[in-house]
Amino acid sequence: MSAGLGSQVGQLARRSTLRTLRQPAQIVPALVFPLFLLAVNTGGLKDATSLPGFPTDSYLTFVLAVPFIQGALFSVMNSGTDLARDIETGFLNRLALTPLRGAALLSGLLAGAFILGVVQAVVYLSVGLIAGAELAAGPAGALVLVLLSVSITVAFGTIGLFAALRFGSGEAVQGLFPVFFVFLFLSAMTLPLELLTTDWFHAIASVNPVTYLLEAIRSLLIEGWNLGDLALGFGIALAIGVLGMAAASSALKTRLVRT
Amino acid sequence: MTTATQRSGGIEVESLVREFKNGPRAVDGIDLEVAQGEIYGFLGPNGAGKSTTVLMLTTLLPPTAGTARVGGFDVVEQGPQVRASIGAALQEAALDPLLTGREHMRLQTALHGLGKSERESRGNELLERVGLAHAAERKVGEYSGGMKRRLDLALALAHRPRILFLDEPTTGLDIQSRTALWEEVSRLAAEDAVTVFLTTQYLEEADALANRVGIIDHGHIVAEGSPAELKAEIGRPTVEAMPRNEADRERMTAVLGRFGEGAGSSPRGVAVRLDGGESQLAEVVRALDSEGIAIEHLQLHAPSLDDVFLAKTGRSLEGAEEGEPVEAADAAVAPA
C-alpha cells in the first residue's frame with residue numbers, strides 16, 4: 001500500500017504551505033526588507049534617470065525589479081531552513097520510514113516557496129504601482145511578471161534545499177544569504193548594464209545571471225513585451241531550478257541512506 | 001529454530017555489525033531473535049549501541065556486516081518491504097511544532113497510502129486511543145512531552161504495522177505519562193500481537209514491560225533472557241540490617257558475614273548477598289538474636305536488572321554512560 005507520487009507531493013505541499021503561512025517571521029521580512037531597500041534606492045538614486053541612455057525617466061519603475069530578486073533570495077533561506085530543521089529534529093527520518101519518494105519530498109517542500117513567491121510578487125507589484133511605477137506590459141504583463149517572479153523564487157528555493165541536505169543545519173543555510181546578496185550587488189541592480197562603466201564591474205555583471213533576471217522583469221515594466229529578454233529570464237530561472245533540483249536530489253540520496 | 005510465524009512478524013539478527021568511520025564498532029556482532037507478539041527490551045547505557053541497532057533494523061542505517069530480517073524481510077535487500085511492516089518512534093519525538101495532532105495523522109496516513117475515508121477514521125481512532133482526541137486541533141508545539149510521545153506512538157501505528165520499534169519512548173516523561181505508555185504498549189502486544197522492540201535505559205521499564213531482555217554494552221549483548229531468568233542467573237538476594245545501637249555495627253558485620261559476601265549498604269547499615277537465598281533470612285534473624293544484637297531495621301532486596309548488569313559488566317547501569325558515536329546519533333541524516 002503506497003500513495004501515488006501526486007498524492008505524496010500534495011500532502012507535503014500542504015504541509016509546506018501551512019508551515020509558511022504559520023510563520024509570520026518568514027513572510028514579513030521577505031516582504032518588508034525588499035520594500036525598504038526599494039524606498040532607499042528610489043530616494044537616493046532617482047537622479048540616475050538623467051544619465052544619457054537610461055531607459056526610463058522613473059527610477060522607481062527601473063529599480064522595482066530588485067525586490068523581486070531580493071524576495072527570491074529569502075526563499076533560499078526559508079525553504080532551506082525548513083528542511084534543515086526537519087533534518088535536525090529527525091522529522092526527515094519519520095518521512096523516510098514511509099513509502100515517500102525523494103522527488104515528492106523535494107517538490108512538496110517547494111510549495112512553501114511557491115506560495116511565498118506569489119504573495120511577494122503581488123505585494124511588490126501592488127506597492128510599486130501605488131507608489132507610481134509604470135507597467136508597460138499592462139494587466140497581462142502583471143500576470144507574466146508574477147509568473148516570472150514565482151519561477152525565480154522556486155528556482156532559488158531549490159538551492160536552499162540543496163544547502164540544507166548538503167550541510168544539514170539551518171545555520172549553514174542562513175550563512176548562504178550574504179553570499180547570494182553579493183550576487184545581487186554585483187549585477188545591474190542599480191544601473192542598466194550598458195551604463196556600468198567600470199570595466200571589472202561590467203564584466204562581472206554581464207556574466208551574472210541575476211542581471212538577466214532583472215532585465216527580464218524590467219522589460220515588462222519599462223518596455224512592454226520583449227520576448228528575447230523574457231525568454232532569457234525564464235530560461236535562466238529554469239536552468240537554476242533544474243540544476244538546483246539535480247543537486248538537491250543527489251544530496252538527498254546521500255542524506256537519506258535508507259536501504 | 002525459527003518458526004514461520006516468528007519469521008512473518010518477528011525479528012532475526014545474526015552477527016550484525018555497524019562500524020563508523022574513525023570511530024568504534026557501535027554494534028559489534030550481535031545476534032538476537034524476537035518472536036511475533038513478544039516485547040523485547042533492549043537495555044543498556046547511553047552509547048551502548050541500542051539506537052544504532054534500531055536504526056539498522058528500521059533500514060535507516062546500513063549495517064557494516066551481518067544480516068537482519070524484520071517481518072521476514074532482509075533490511076538491506078528489502079528496505080521498502082521492511083518499512084511497510086514496521087512502525088517506529090525514534091529517540092526524541094520527531095514532530096512538526098507548527099502542525100496540529102490531526103494534521104500529523106493526516107500526513108502520516110496519507111503517505112502510507114490509506115484511502116481518504118480511512119485516513120480520517122484511522123486518525124480519529126488512534127488519537128482517541130492515545131488520549132489526544134481533545135488536543136487534536138492544537139499545534140504540537142503546545143503539547144507536553146508526554147503528549148508528544150503519545151502522538152509519536154499513534155503516528156507509528158498509523159498503517160497497522162506488525163512490528164513496532166520504540167527507541168527510549170519514555171525518556172524524560174513523568175511517572176503518569178510513562179505508565180500510560182507502558183499500558184498501551186502492553187495492550188498492543190497482548191491484544192494485537194504486535195511485536196515490540198523497545199530500547200531503554202530504565203531498568204524498571206524493561207522489568208515491567210519486556211517478555212525478554214537483551215543487555216547491550218559496548219556493542220555486545222552481554223546477557224539475554226526473561227527478567228526473571230536473568231535475575232535468577234545471578235540470583236542472590238541481599239539482606240540489609242541496621243543495629244539499634246551504633247556500637248553493635250561491627251558485631252553485626254561479623255554475624256552477617258557468615259551468610260555471604262558484603263554488598264553496598266546505607267552508612268549505618270550492613271548488607272550481604274545471601275549465599276543460600278532468601279530462605280536464609282530466618283536464620284539471619286536468629287543468629288543476630290542469639291548474639292544479643294537488637295535490630296532497628298531489616299530489609300530483603302530481591303536481585304534487580306542492575307545487579308545483572310553489574311554482574312555481567314562489572315559496572316552499575318547508572319553512571320555507565322558513554323558518548324554516543326556522532327554518526328549514530330545523527331541517524332539517517334549521516335552521509336554514508
By residue number, the members of the stretch B:172-224 that are in contact with a strand residue (DSSP E or B) (Cβ under 7 Å, 6 or more places away or on another chain) and of a type in the set (Gly, Ala, Ser) are B:Ala189, B:Ala206, B:Ala210, B:Gly214, B:Gly219, B:Ala223
Out of all the residues in the stretch B:106-123, which are under 13 Å from A:Gln8 (Cβ atoms) and polar (S, T, N, Q)?
B:Gln108, B:Thr109
From the list B:Ala263, B:Ala254, B:Ala271, pick out the single residue that is at pLDDT 80 or above, under 16 Å from B:Ser304 (Cα atoms) and either of a type in the set (Val, Ile, Thr) or not assigned by TED's automatic domain parsing to the domain that holds B:Glu38 (or both).
B:Ala271
What tally of residues in the stretch B:141-184 results from selecting those that are among the polar types (S, T, N, Q), assigned to a helix (DSSP H, G or I) and surrounded by 18 or more Cβ atoms within 10 Å (Cβ to Cβ)?
1
So, restricting to helices (runs of 4 or more DSSP H) that lie completely within the stretch A:1-72, which ones have at least 3 residues that are at pLDDT below 90, surrounded by 16 or more Cβ atoms within 10 Å (Cβ to Cβ) and within 11 Å of chain B (Cβ to nearest Cβ)?
A:5-21
Give the residue, chosen from A:Ala247, A:Ala172, A:Ala188, that is farther than 30 Å from B:Val82 by Cβ and either in contact with a Phe, Trp or Tyr (Cβ under 6 Å, 6 or more places away or on another chain) or part of a helix (DSSP H, G or I) (or both).
A:Ala172
Being in contact with a helix residue (DSSP H, G or I) (Cβ under 9 Å, 6 or more places away or on another chain) and under 20 Å from A:Asn78 (Cα atoms) is the filter here; which residues of the stretch A:20-46 pass it?
A:Thr20, A:Leu21, A:Gln23, A:Gln26, A:Ile27, A:Pro29, A:Ala30, A:Leu31, A:Phe33, A:Pro34, A:Leu35, A:Leu37
Within the stretch A:92-151, track down each residue that is assigned to a loop (DSSP other than H, G, I, E, B) and either in contact with a Cys (Cβ under 9 Å, 6 or more places away or on another chain) or among the polar types (S, T, N, Q) (or both).
A:Thr98
Taking A:Ala96 as the residue in question, decide whether it is surrounded by 18 or more Cβ atoms within 10 Å (Cβ to Cβ), within 14 Å of chain B (Cβ to nearest Cβ), small (Gly, Ala, Ser) and in contact with a helix residue (DSSP H, G or I) (Cβ under 6 Å, 6 or more places away or on another chain).
yes
What is the one condition in (1) under 29 Å from A:Gln23 (Cα atoms); (2) among the aromatic types (Phe, Trp, Tyr); (3) modelled with pLDDT under 90 that B:Tyr143 does not satisfy?
(3)
So which residues in the stretch B:199-218 are part of a loop (DSSP other than H, G, I, E, B) and either of a type in the set (Phe, Trp, Tyr) or free of Cβ contacts under 8 Å to residues at least 12 places away in the same chain (or both), if there are any at all?
B:Tyr202
Any residue at all in the stretch A:165-175 that is within 14 Å of chain B (Cβ to nearest Cβ), closer than 30 Å to A:Phe36 by Cα, in contact with a Gly (Cβ under 6 Å, 6 or more places away or on another chain) and buried (at least 23 other Cβ atoms within 10 Å of the Cβ)?
no
Please indicate, with yes or no, whether at least one residue in the stretch A:115-137 is at positive phi, within 12 Å of chain B (Cβ to nearest Cβ) and either surrounded by fewer than 22 Cβ atoms within 10 Å (Cβ to Cβ) or of a type in the set (Asp, Glu) (or both).
no
Scan the stretch B:106-119 and give yes if some residue there is within 11 Å of chain A (Cβ to nearest Cβ) and assigned to a strand (DSSP E or B), otherwise no.
no
If only one of B:Pro45, B:Pro63 is in a loop (DSSP other than H, G, I, E, B), at pLDDT 90 or above and in contact with a strand residue (DSSP E or B) (Cβ under 8 Å, 6 or more places away or on another chain), which one is it?
B:Pro63
Out of A:Leu230, A:Leu252, A:Leu221, I need the residue that is within 14 Å of another protein chain (Cβ to nearest Cβ), in contact with a helix residue (DSSP H, G or I) (Cβ under 8 Å, 6 or more places away or on another chain) and not β-branched (Val, Ile, Thr). Which one?
A:Leu252
Take B:Asn124 and decide whether it is among the polar types (S, T, N, Q) and more than 22 Å from B:Leu188 (Cα to Cα).
no
Could we say that A:Ala84 is outside any loop (DSSP other than H, G, I, E, B), more than 9 Å from chain B (Cβ to nearest Cβ), modelled with pLDDT of 90 or more and out of contact with any strand residue (DSSP E or B) (no Cβ under 6 Å at 6 or more places or on another chain) here?
yes
Would you mind stating whether A:Leu227 is buried (at least 18 other Cβ atoms within 10 Å of the Cβ) and of a type outside the set (D, E, K, R)?
no
Filter result for the condition that a residue is without any contact (Cβ under 8 Å) to a residue 12 or more places away in the chain and surrounded by fewer than 16 Cβ atoms within 10 Å (Cβ to Cβ), over B:Glu137, B:Glu128:
B:Glu128
Do we have any residue at all in the stretch A:83-99 that's free of Cβ contacts under 8 Å to residues at least 40 places away in the same chain, over 20 Å from A:Gly160 (Cα atoms) and β-branched (Val, Ile, Thr)?
yes
With the structure loaded, tell me whether B:Pro62 is touching a Pro at 6+ places or on another chain (Cβ under 7 Å), surrounded by fewer than 24 Cβ atoms within 10 Å (Cβ to Cβ) and within 20 Å of B:Phe197 (Cβ to Cβ) or whether it fails that test.
no
Quick check: anything in the stretch B:21-29 buried (at least 19 other Cβ atoms within 10 Å of the Cβ), touching a helix residue (DSSP H, G or I) at 6+ places or on another chain (Cβ under 7 Å) and more than 14 Å from every other protein chain (Cβ to nearest Cβ)?
yes
Residues in the stretch B:74-104 that are within 28 Å of A:Gly112 (Cβ to Cβ), in a helix (DSSP H, G or I) and either more than 8 Å from chain A (Cβ to nearest Cβ) or modelled with pLDDT of 95 or more (or both): how many?
4
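The values are calculated or read from the model by the stated rules, or taken from the named source; none is laboratory data. Note that this is a predicted model, so its numbers are computed, not measured. When we count neighbours, we look across all protein chains shown, and the Cβ atoms used for this are built from the backbone with ideal geometry, even at glycine.
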